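Chemist: Supplied in structure tokens, the structure appears directly below.
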Amino acid sequence: MKSTVKYIMALIVAGSLFSSCKKAIDLDPTHTINGDDFFETVDEYDFVLTGTYQRLKQNGLYGGVNGGSLFLSAVDIAADNFYNGPDNLGNLNTAFRWNYTADNPSVQAAWDDAYRVIQHTNLSVRGIDRFAATDRLKVNRIEGQARALRAFMHFELLRWWAADYDRNSTALGIAYVDKFDIEQMPARLTVKQTYDKIEADLKTARAMVSNTDKPIQSATSTAGTNRAYIDRLVCDAMLARMYLYANELDSAIKYASLVINARPLASQASFMDIWHDASTAEVIWSIKYQAAEPALAREIYQTAGDLISWEPVDDLLNLYDIGDIRFDAYWADVNGHLVLGKYSAKATALGNPDGVTDFKILRTGEMYLIRSEAYARKTGMGAQALADLNALRSVRGAVTGSETGTALLTAIQTERRKELMMEGHRFFDLKRTTRTVNRTQSCNSFCTLLPANRAWAFPVPQTEMLANRNMEQNPGY
Amino acid sequence: MKRSLLFTLFAVLFTSFAWAQQDVTGVVTDTRDNSPLSGVSVFVKGTRSGTTTGQDGRFRISVPNNSILVFSFTGFTEKEVAVSGNSLNVSLAIAQTNLQEVVITGYTTQNKRQYTGSVAKIAGSEVNLQPIGSFEQLLQGKAPGVLIQSQSGQPGSAASVTIRGKGSVLGGTQPLYIVDGIQITGADFQSINPADIETYSILKDAVATSQYGSRGANGVIVVTTKRGKNAKTVLNYDYQYGVQQLPESQLVLMNSKEKLDYELYYDRPGGANGFGWSQADYDSLSKVNPDWEEAMFRKAKTQQHILSATGGNDKTRFFISGSIFTQEGLVKTTNLNRYTGRVNLDHTAGNFKVGISATIGFSKTSGTFENDNVITTPLNAYRWTLPYITPYLPDGSYNLTDPGGNPNPLPDLFLNTNLNKQIKAIGVISLEYRIPFVKGLNVRTQWGTDFTDDQNENYTDINTQANQVVPGLSGAFNAGSLRRVRTTGTTSINYEKKSGDHSFGIGLFNELIKRSTVTNGYTGFGLIGPIKNAAGITPGTPTNNFIPLVAGGETEEAIISYFAIGNYDYKNKYFVNLTARRDGSSRLAEGKKFVNYGGLGFGWAVTSENFMANQKLFDNLKFKVSYGSAGNAEIGDSYEALEQFGPSSYNGIGGLRLVNLKKDELTWETRSTLNAGVDFTVLKDRLSGSVEVYNSITNGLYLNRLLSSTNGVGSIVTNMGKLRNQGVEIFLSYDLIKNKDLTVNINGNWTGNKSEMLELDGNDEIVNGISINRIGERANSAYLVRYAGVDPDNGDALYYKADGKTITNVYDPADAAIVGSFDPKGFGGFGATVTYKSFELSALFTYQYGFDIFNQARVDVENPQYWFSNLNRNNLREWQHPGDITDIPSPFNDFQATTTRFLEKGDFLRLRNIIVSYSLPNSIISKWKMGSLKIFAQGQNLYTWHSFQGYDPEVFTGVLAGAHYPALKAITIGVSLGL
């Protein structure tokens, strides 16, 4: 009897220890968000849009220490503004030597990081149509910014990967990705088709951000914290830049004017403040960097340790007239070396030692130069072109001029070189104008890039060629 | 007189028949620790008369004169001793012959004879004298099929363990570790005392690993710790002292004169003499040749104290131990200090048996960065710095005047700290109840926890290179904590029955494993005051950039299982093992969480057959074959199948970013293995060995399926491949000489493994950087453009085109070809043990061959762009003038790293361990009132034969990234004292 009780007890104990709960293995993350349980309200899309802006700070794009920064530093290094400095550890040498190959990790990083922003723009609007009827204005605010970002990143890709920029070119453009689907294998569009897509996205975006539930940011404030996001003004500036590349001159003039009228050039007094992030005078769009994020252009000049990896060529420095406020804003004299100061101003002037600085990616100064160039390219509008050019010159404290014709076009390019140094323009400006790089100082065997060279466009990364059977490589690679 | 005559007659008679009786008494002990062995059967050879030893190991037996006594005990080698005199002390050694061992699989224990799977067993006592902090490294070369690669000599670092070839490409390849029945985290053993370990059992084939189902695909290492014995209490004290030193590097950089010659007289882009040295500079600097190795490294000391006690009676047995282990690293400032304690208790009360094993270890590790090619890493910087720059200035301060901007490694080494404090506790409690009225039936439940608490502290001093990327540029202090709790609960009902010629056993199991991991960390900046730790952090302001970074995370995972393990034998000749298991994992996609595993094995003891009775060749011969499956889900993070968004912020606003793609089809990798083997002993047990062959196929192999990066992601983990590993394992042990005073044993093992990619989901190949998986080729083959030397006319590097014949000076990644393999084709170990009286000498060599290493560390010192740093001596052969015949291209030629120029053979043979020991004879130690006293001296890694251009070719990822902290050479002496 007693042993039967024991027997039953033992079985009960054993049975209770046999856990049989399938629930034990249904576990959900607590410190990340499960995408299947999210996107239930339109407000939740806002978080993903914020993440999209953060993606702009990936190393391969604008700020990156080791071999990154392909859309900022590399654009000037591949051109004619810098030569090897004493502390160069080989960073960006590939861009300087134009010897990028399809397996170059920096080239791959630029491609991957740009498309990763695009991925996130598409995630920011995935299924947002469900709320279009009920929350139209909120949807406008989120989708408008996402579309503009998407168009802009495609334009960045076009600048490096398309061999030419002609608006109607049937040459290889880039793959335009406008939905999130990891299984896609998009083919490259023609340059024309790419422009069509960028233009359409930007125009839709412009309309959307013009009609939102709440203002995105102030159009007029010059507070240093302003202009972090994309609003109508940013769309206008993006359109102006694109139309200049596409040589659609009337449109370039139209949109540049919209920006110029809304946000005038900075006064000489506030110009320096722009580079300290103390002011956003004439800043249209600024990618905001925070402490502990990479300092821009550190691969050119790093204040910590005073590392001069690349030094400006004398040609460039000599272009600035005496009294040109840009000279002091852009260049710093460190122990007898003139070094890039544009992105270390915050460090030296404000005692903010690592100099993490915002990237002023679109400015009114560029808009003047866009409009001036567009006028100059049109027949019979040299006067307007010169007026814009001189307006900029005089605000900056440079000597004005009276150029016409080809000299005017050259002067505009020279002014672009001075004004937009290390803002992601020089190589592309050469590419769309003379299609020749002529270096004059310490360039060893890398002094000239001729029009026929393959290096005007990056190769499509080897991994992409392996993964995407519809992808076409650029000629020469 | 008459009686005496009769007596004499009897005496003569008895003597002539050797029947004179005498009493013999003595003690039987275990050779390992001289502890008494109870229950040893003692009998006169050729008779059935005998006795067994008592609790204290003592026996008393009455034997005829001149007889031979046989001492036999399960698990120990039988010993025959001729009787001479009235007292006889005998020590028995653990059985070396495979066929007499016990097989421990974690869930079951079976006689090796009856077991049909493939399990290698290594006694802790064979290996635990080696002065290594992490126990898995002790097993190198000891067991066939088990590849152990320890890349780092950093104290406490873990090795890579691969059992029977890598069955996974992307998923984990490290085995499952089971200690006293519960899973513990792999590669995290610095807080565990190897001397507590009784046995290592390495489960290799599917009938064994399928018991672990979804976690078993990479093999299982089952560790049991020492338990108390039913014997008199024995106290043991062990002490070791060792000295370690740096092996010699075969990558020789330029000395000062060579480097200056190179700078001054070799043309390069930017021109020669980049630093503008004058002749006077040249003359003085070329005479400066500071010893950077001296500045970085030291002769490092190791010390260990272990105290243990074991004993018990027939109801309660115990083993307790405590240890202190301190190891200095070769690199100055690196070290490991470990303190451990253990209590193992077993108690029997009627039909109940309870067992507890509990260990707690505390370790404190001070480390330095390794295995990267970051310029601030001291192990890179000391090589890259210019050879004519001294470590210190004459005033004793750090020399920061390197004109090439190469950082001095010493501030980062000496001023920064990189500390890990770990508390590790493993506790297991088991309860077994023998159901009294059904013979052979019992229920058992066992619950255990592997608890780890890791506290990391990194201090970055303001005066170091690492500070240059610190926000605020004023030093940083980072603290991170990780707390992981893994609980394993196993409950089973077991039944055993023997009836006539049949006997069988079956166990039904249920198991739940839960793991939770919590991480927290912060980094604070502005370490500008005198306090160089958390208290020294300066609060952040908008201008000083000292804004602290904070992070935290928590994950949970669970596996639930139901399984059955059965065995059957007929006439102790034919054996069957059977496992069936069903596992569910929280990590995998909905609807794909559960999967079934199973294993079936047959064994045949041929020598037990009647037809073998008359043959003399084989003492033992057994064939076995098994087939089954085990799984692997070590892929990605704990929620790998879900689309996950993680934190992100922009402009001070919190947001989300995609961190993991959804994988609706993600399921287990399943590895099925067919194993066939033969175990034998011949030549009167002098030669024993085993040969096994295996064929294992991994289905649903995790691979990164390439995606168009235009989608924002370049690849996704997919169950898409099929991989085969085939191999042969041979183990042989031969007693060359075996007599009373002298034994000489030689043994060796060899494993050959070949992997082949069978399917890639419709693709022909998947390239991942410099490795490729291509159908019909070995997994992870090296994939590089083939270097074809230097064009003597212009100094251009030459490459083979894809066709392998055409030579070009244009580097094109599309010309890459399969040029080698990163995984060894073969490996093993061999050695010898000589005992003479109380002396023992044993040596172990280990070897690995048939693999390549991509030497990134050499790339970084052969790239002529880095002329401002020190370079490989090879660069003195650089092409300079038309007609130069050399293998180093012109510095004007585009330098390309990913070519076969930097792929090297990794083959090596290593004198892994040599040890000589002396046990003082009983006559002396008994006078000193001691149980045993043994002294020993050993050498570890004393010499390695290899051709790799670096310190050591033992590199497990196929790439030596740089900053190599090599495995150390060590000499250790020690003493082991038993009371």
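Chemist: Please go through (1) closer than 30 Å to B:ASN111 by Cβ; (2) in contact with a Phe, Trp or Tyr (Cβ under 6 Å, 6 or more places away or on another chain); (3) within 9 Å of chain A (Cβ to nearest Cβ) for B:TYR562 and return the number of the only condition it doesn't satisfy.
Modeler: All conditions pass for B:TYR562, except number (2).
Chemist: Scan segment A:226-285 residue by residue and report those that are aromatic (Phe, Trp, Tyr), more than 21 Å from A:HIS154 (Cβ to Cβ) and within 21 Å of the chain's Cα centre (by Cα).
Modeler: Within segment A:226-285, A:TRP275 is the sole residue that qualifies.
Chemist: Output the number of the condition that A:ALA187 fails; it satisfies all remaining conditions of (1) of a type outside the set (S, T, N, Q); (2) in a loop (DSSP other than H, G, I, E, B); (3) in contact with a helix residue (DSSP H, G or I) (Cβ under 8 Å, 6 or more places away or on another chain); (4) touching a residue at least 12 places away in the same chain (Cβ under 8 Å).
Modeler: Going through (1) of a type outside the set (S, T, N, Q); (2) in a loop (DSSP other than H, G, I, E, B); (3) in contact with a helix residue (DSSP H, G or I) (Cβ under 8 Å, 6 or more places away or on another chain); (4) touching a residue at least 12 places away in the same chain (Cβ under 8 Å) one by one, A:ALA187 breaks only (3).
Chemist: Another question, then. Got at least one residue in segment B:232-246 being crowded, with 18+ Cβ neighbours inside 10 Å, touching a helix residue (DSSP H, G or I) at 6+ places or on another chain (Cβ under 6 Å) and either modelled with pLDDT of 95 or more or of a type in the set (A, V, I, L, M) (or both)? Give the derivation first.
Modeler: Let us first name the residues in segment B:232-246 that are crowded, with 18+ Cβ neighbours inside 10 Å, namely B:232, B:234, B:236, B:238, B:240, B:242, B:244, B:246.
Going one step further and asking which of them are touching a helix residue (DSSP H, G or I) at 6+ places or on another chain (Cβ under 6 Å), we end up with none.
No: segment B:232-246 contains no residue that is crowded, with 18+ Cβ neighbours inside 10 Å, touching a helix residue (DSSP H, G or I) at 6+ places or on another chain (Cβ under 6 Å) and either modelled with pLDDT of 95 or more or of a type in the set (A, V, I, L, M) (or both).
Chemist: Now a separate question. How about segment A:64-85: which of its residues are surrounded by 24 or more Cβ atoms within 10 Å (Cβ to Cβ), in contact with an Asp or Glu (Cβ under 7 Å, 6 or more places away or on another chain) and on the phi < 0 side of the Ramachandran plot?
Modeler: Within segment A:64-85, A:PHE71, A:SER73, A:PHE82 meet the criteria.
Chemist: Also: Spot the failing condition for B:LEU909; the list is (1) outside any strand (DSSP E or B); (2) modelled with pLDDT of 95 or more; (3) under 21 Å from the mean Cα position of the chain (by Cα), and only one is missed.
Modeler: With respect to (1) outside any strand (DSSP E or B); (2) modelled with pLDDT of 95 or more; (3) under 21 Å from the mean Cα position of the chain (by Cα), B:LEU909 is out only on (1).
Chemist: Sticking with this one: For A:ASP328, which of the numbered conditions (1) away from every other protein chain (no Cβ under 14 Å); (2) of a type in the set (D, E, K, R); (3) within 24 Å of A:LEU61 (Cβ to Cβ) fails to hold?
Modeler: That leaves (3) as the condition not met.
Chemist: While we're on this one: Given the criterion of a type outside the set (Val, Ile, Thr) and within 18 Å of B:ASN620 (Cβ to Cβ), identify the matching residue among B:GLY46, B:GLY57, B:GLY117, B:GLY133. Working first, answer last.
Modeler: On the way: B:GLY46 fails: within 18 Å of B:ASN620 (Cβ to Cβ); B:GLY57 fails: within 18 Å of B:ASN620 (Cβ to Cβ); B:GLY133 fails: within 18 Å of B:ASN620 (Cβ to Cβ).
From the options B:GLY46, B:GLY57, B:GLY117, B:GLY133, the qualifying one is B:GLY117.
Chemist: Same structure again: Find the residue count for segment A:27-55, including only residues that are assigned to a loop (DSSP other than H, G, I, E, B), facing another protein chain (nearest Cβ under 7 Å), exposed (fewer than 13 other Cβ atoms within 10 Å of the Cβ) and not hydroxyl-bearing (Ser, Thr, Tyr).
Modeler: Residues meeting the conditions: 0.
Chemist: Only one of (1) of a type outside the set (A, V, I, L, M); (2) touching a helix residue (DSSP H, G or I) at 6+ places or on another chain (Cβ under 8 Å); (3) surrounded by fewer than 23 Cβ atoms within 10 Å (Cβ to Cβ) fails for B:ASN855. Which number is that?
Modeler: Only one criterion in (1) of a type outside the set (A, V, I, L, M); (2) touching a helix residue (DSSP H, G or I) at 6+ places or on another chain (Cβ under 8 Å); (3) surrounded by fewer than 23 Cβ atoms within 10 Å (Cβ to Cβ) is unmet by B:ASN855, namely (3).
Chemist: Please determine, by comparing only the residues of segment B:433-451 that are in a strand (DSSP E or B) and away from chain A (no Cβ under 11 Å), which one is surrounded by the most Cβ atoms within 10 Å (Cβ to Cβ). Talk me through it step by step, then tell me what you get.
Modeler: Within segment B:433-451, the subset in a strand (DSSP E or B) is B:433-434, B:441-451.
This time we only want the ones that are away from chain A (no Cβ under 11 Å), so: B:448-451.
Details: B:GLY448: 24, B:THR449: 18, B:ASP450: 22, B:PHE451: 16.
Taking the candidates together, the pick is B:GLY448.
Chemist: Tell me, please, whether a residue that is under 26 Å from B:SER648 (Cβ atoms) and either without any contact (Cβ under 8 Å) to a residue 12 or more places away in the chain or not in a strand (DSSP E or B) (or both) can be found in segment A:73-95.
Modeler: yes
Chemist: Got at least one residue in segment B:165-172 being surrounded by fewer than 24 Cβ atoms within 10 Å (Cβ to Cβ), at pLDDT 90 or above and at positive phi?
Modeler: no
Chemist: Looking only at segment B:511-559, count every residue that is more than 41 Å from the chain's Cα centre (by Cα) and either more than 12 Å from every other protein chain (Cβ to nearest Cβ) or assigned to a helix (DSSP H, G or I) (or both) and tell me the total.
Modeler: Count: 4.
Chemist: With (1) crowded, with 24+ Cβ neighbours inside 10 Å; (2) over 30 Å from B:ASP56 (Cα atoms) as the list, and B:LEU251 as the residue in question, which single condition is left unmet?
Modeler: (1)
Chemist: Those residues that are charged (D, E, K, R), surrounded by fewer than 24 Cβ atoms within 10 Å (Cβ to Cβ) and in a loop (DSSP other than H, G, I, E, B), I need them from segment A:266-287; list them, please.
Modeler: A:ASP277
Chemist: Hey, can you tell me all the residues within segment B:176-193 that are of a type in the set (Gly, Ala, Ser) and over 18 Å from B:THR488 (Cα atoms)?
Modeler: The first filter runs over segment B:176-193 and keeps only residues of a type in the set (Gly, Ala, Ser), leaving B:181, B:186-187, B:191.
Scanning segment B:176-193 gives B:ALA187, B:SER191.
Chemist: Could you tell me which residue of segment B:212-246 is farthest from B:GLY489 (Cα to Cα), considering only residues that are part of a strand (DSSP E or B) and among the aliphatic types (A, V, I, L, M)?
Modeler: B:VAL243
Chemist: I'd like to verify a number: residues in segment B:803-817 that are of a type in the set (Ser, Thr, Tyr) and within 19 Å of A:THR463 (Cα to Cα), how many?
Modeler: 1
The rows are residues; the columns are (1) closer than 27 Å to A:GLN58 by Cβ; (2) within 11 Å of another protein chain (Cβ to nearest Cβ); (3) surrounded by fewer than 18 Cβ atoms within 10 Å (Cβ to Cβ).
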| position | (1), (2), (3) |
| --- | --- |
| A:GLU293 | yes, yes, yes |
| A:GLU299 | yes, no, no |
| A:LEU307 | yes, yes, no |
| A:LEU316 | no, no, no |
| A:ASP321 | no, no, yes |
| A:ASP333 | no, no, yes |
| A:TYR343 | yes, no, no |
| A:LYS346 | yes, yes, no |
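Chemist: A:SER218 versus (1) closer than 30 Å to A:HIS276 by Cα; (2) polar (S, T, N, Q); (3) not in a loop (DSSP other than H, G, I, E, B): which is the lone unmet condition?
Modeler: (3)
Residue by residue, here is whether (1) of a type in the set (S, T, N, Q); (2) within 13 Å of chain B (Cβ to nearest Cβ); (3) at negative phi; (4) surrounded by fewer than 16 Cβ atoms within 10 Å (Cβ to Cβ) holds:
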| position | (1), (2), (3), (4) |
| --- | --- |
| A:LEU430 | no, no, yes, no |
| A:THR433 | yes, no, yes, yes |
| A:VAL437 | no, no, yes, no |
| A:GLN441 | yes, yes, yes, yes |
| A:CYS447 | no, yes, yes, yes |
| A:PRO451 | no, no, yes, yes |
| A:TRP456 | no, no, yes, no |
| A:MET465 | no, yes, yes, no |
| A:ASN470 | yes, yes, yes, yes |
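Chemist: Can you pull out the residues in segment A:121-145 that are away from chain B (no Cβ under 13 Å), farther than 23 Å from A:LEU233 by Cα and among the basic types (Lys, Arg)?
Modeler: Residue satisfying the conditions is A:ARG130 alone.
Chemist: Please go through segment B:648-664 and pick out each residue that is within 7 Å of chain A (Cβ to nearest Cβ), under 19 Å from A:ASP36 (Cβ atoms) and not in a strand (DSSP E or B).
Modeler: Of everything in segment B:648-664, those that are within 7 Å of chain A (Cβ to nearest Cβ), under 19 Å from A:ASP36 (Cβ atoms) and not in a strand (DSSP E or B) turn out to be B:LEU661, B:LYS662.
Chemist: With A:TYR243, A:TYR255 as the choices, which residue is assigned to a helix (DSSP H, G or I) and in contact with a Leu (Cβ under 7 Å, 6 or more places away or on another chain)?
Modeler: On inspection, the qualifying residue turns out to be A:TYR255.
Chemist: For A:ALA237, are the conditions met, namely being of a type in the set (Gly, Ala, Ser) and free of Cβ contacts under 8 Å to residues at least 40 places away in the same chain?
Modeler: no
Chemist: Just for segment B:635-647: of the residues that are more than 7 Å from every other protein chain (Cβ to nearest Cβ) and within 33 Å of the chain's Cα centre (by Cα), which one is surrounded by the fewest Cβ atoms within 10 Å (Cβ to Cβ)? Quick ask: steps written out before the conclusion?
Modeler: Keep residues of segment B:635-647 that are more than 7 Å from every other protein chain (Cβ to nearest Cβ), which gives B:635-638, B:640-641, B:647.
The next check asks that each one be within 33 Å of the chain's Cα centre (by Cα); those that pass are B:635-638, B:640-641.
Values: B:ILE635: 20, B:GLY636: 17, B:ASP637: 15, B:SER638: 19, B:GLU640: 19, B:ALA641: 24.
Looking at the filtered set, the residue picked out is B:ASP637.
The values are calculated or read from the model by the stated rules, or taken from the named source; none is laboratory data. Remember, it's a predicted structure, so these values are computed and weren't measured experimentally. Every residue, glycine as well, gets a Cβ built from its backbone with ideal geometry; the counts of neighbours run over all protein chains shown.
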